[in-house]
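Input: a single structure, listed below in structure tokens.
The values are calculated or read from the model by the stated rules, or taken from the named source; none is laboratory data. Here the structure is a predicted model, which means the values were calculated and not measured. So basically every Cβ, Gly included, is an ideal-geometry build from the backbone, and we count neighbours across all protein chains shown.
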Amino acid sequence: MKKTFSIAVAAFMLFAIATQAQTDKSKRPSPPAKVSETLKSGIMVSIDYSQPSLKGRMIGAADFVPYGKVWRTGANEATVFEVSKDVKINGKALAAGKYGLYSIPGEKEWTIIFNKTWNQWGTKYNEADDALRIMVKPEKTKDFMEKMTFKIEDDGDVELLWGNTEVGFKVK
């Protein structure tokens, strides 16, 4: 009886520890990050994401972030892109609201996808829910960024920086 009770207590403690680790997102290998900026136009732009690290891997590798395939543009839950007012992204209209941010990386061109479904695990993607797709050219950077990072400037420039790659678009 004591052995059964001890096993039950140990199992409960392991469950409690595992639950705490899941709720404390800062303990994840790809920790959460958020960047927000109020543009000169008064529009609030924010990106809520998890930061994967390269750890010696390469963007474009078949087993990591493969070229030509939809990628969740981050880790864990879907990356959430939010704008407080209707905007234009690289000249194309996007209504105010929250969007799942996905992409299709490529060596010479990336597709940036704003998907209507944002509150979900990042690997659940349905093309029928796309609100907007834009094509952008990646650029090589001289500075290396181990963790994927987003930056938003007050002029509306949004940049994804990772490894020696920069992918950007303009919010107006």
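Every residue, every condition in (1) at pLDDT below 65; (2) in a loop (DSSP other than H, G, I, E, B); (3) over 28 Å from Ala131 (Cβ atoms); (4) not basic (Lys, Arg), yes or no:
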{"position": "Lys3", "(1), (2), (3), (4)": "yes, no, yes, no"}
{"position": "Ser6", "(1), (2), (3), (4)": "yes, no, yes, yes"}
{"position": "Ala11", "(1), (2), (3), (4)": "yes, no, yes, yes"}
{"position": "Ile17", "(1), (2), (3), (4)": "yes, no, yes, yes"}
{"position": "Gln20", "(1), (2), (3), (4)": "yes, no, yes, yes"}
{"position": "Ser26", "(1), (2), (3), (4)": "yes, no, yes, yes"}
{"position": "Ile47", "(1), (2), (3), (4)": "no, no, no, yes"}
{"position": "Arg57", "(1), (2), (3), (4)": "no, yes, yes, no"}
{"position": "Lys88", "(1), (2), (3), (4)": "no, no, no, no"}
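Among the candidates Gly163, Gly122, which residue alone is touching a residue at least 24 places away in the same chain (Cβ under 8 Å) and farther than 23 Å from Ser36 by Cβ? Spell out the reasoning first.
Values: Gly122 fails: farther than 23 Å from Ser36 by Cβ.
When all the criteria are applied, what remains is Gly163.
Can you say whether Gly42 is of a type outside the set (Asp, Glu), modelled with pLDDT of 95 or more, in a loop (DSSP other than H, G, I, E, B) and more than 18 Å from Glu109 (Cβ to Cβ), as far as the supplied structure shows?
On the way: of a type outside the set (Asp, Glu): yes; modelled with pLDDT of 95 or more: yes; in a loop (DSSP other than H, G, I, E, B): yes; more than 18 Å from Glu109 (Cβ to Cβ): yes.
Yes: the conditions hold for Gly42.
Checking Glu107 against (1) free of Cβ contacts under 8 Å to residues at least 60 places away in the same chain; (2) in a loop (DSSP other than H, G, I, E, B); (3) under 20 Å from Ser50 (Cα atoms): exactly one of these is not met. Which one?
Of the numbered conditions (1) free of Cβ contacts under 8 Å to residues at least 60 places away in the same chain; (2) in a loop (DSSP other than H, G, I, E, B); (3) under 20 Å from Ser50 (Cα atoms), the odd one out for Glu107 is (3).
Return yes when Lys108 is farther than 26 Å from Asn164 by Cα and surrounded by fewer than 19 Cβ atoms within 10 Å (Cβ to Cβ) and no when it is not. Step through it out loud before you land on a result.
Values: farther than 26 Å from Asn164 by Cα: no; surrounded by fewer than 19 Cβ atoms within 10 Å (Cβ to Cβ): yes.
Against the criterion (farther than 26 Å from Asn164 by Cα and surrounded by fewer than 19 Cβ atoms within 10 Å (Cβ to Cβ)), Lys108 does not qualify.
Condition first: closer than 14 Å to Phe114 by Cβ, in a strand (DSSP E or B) and not polar (S, T, N, Q). Now tell me which residues in the range 72-86 satisfy that.
Result: Val80, Phe81, Glu82, Val83.
Working only within the range 28-39, note down all residues that are under 20 Å from Asn115 (Cα atoms) and modelled with pLDDT of 95 or more.
The answer is Lys34, Val35, Ser36.
Matching residues to (1) of a type in the set (Lys, Arg); (2) surrounded by fewer than 19 Cβ atoms within 10 Å (Cβ to Cβ); (3) under 13 Å from the mean Cα position of the chain (by Cα); (4) not in a strand (DSSP E or B):
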site	(1), (2), (3), (4)
Ala93	no, yes, no, no
Leu101	no, no, yes, no
Ile112	no, no, yes, no
Asn119	no, yes, yes, yes
Arg133	yes, yes, no, no
Lys140	yes, yes, no, no
Met148	no, no, yes, no
Asp155	no, yes, no, yes
Glu159	no, yes, yes, no
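Residues that are among the aliphatic types (A, V, I, L, M), in contact with a strand residue (DSSP E or B) (Cβ under 6 Å, 6 or more places away or on another chain) and loosely packed, with under 13 Cβ neighbours inside 10 Å: does the range 70-86 have at least one?
no
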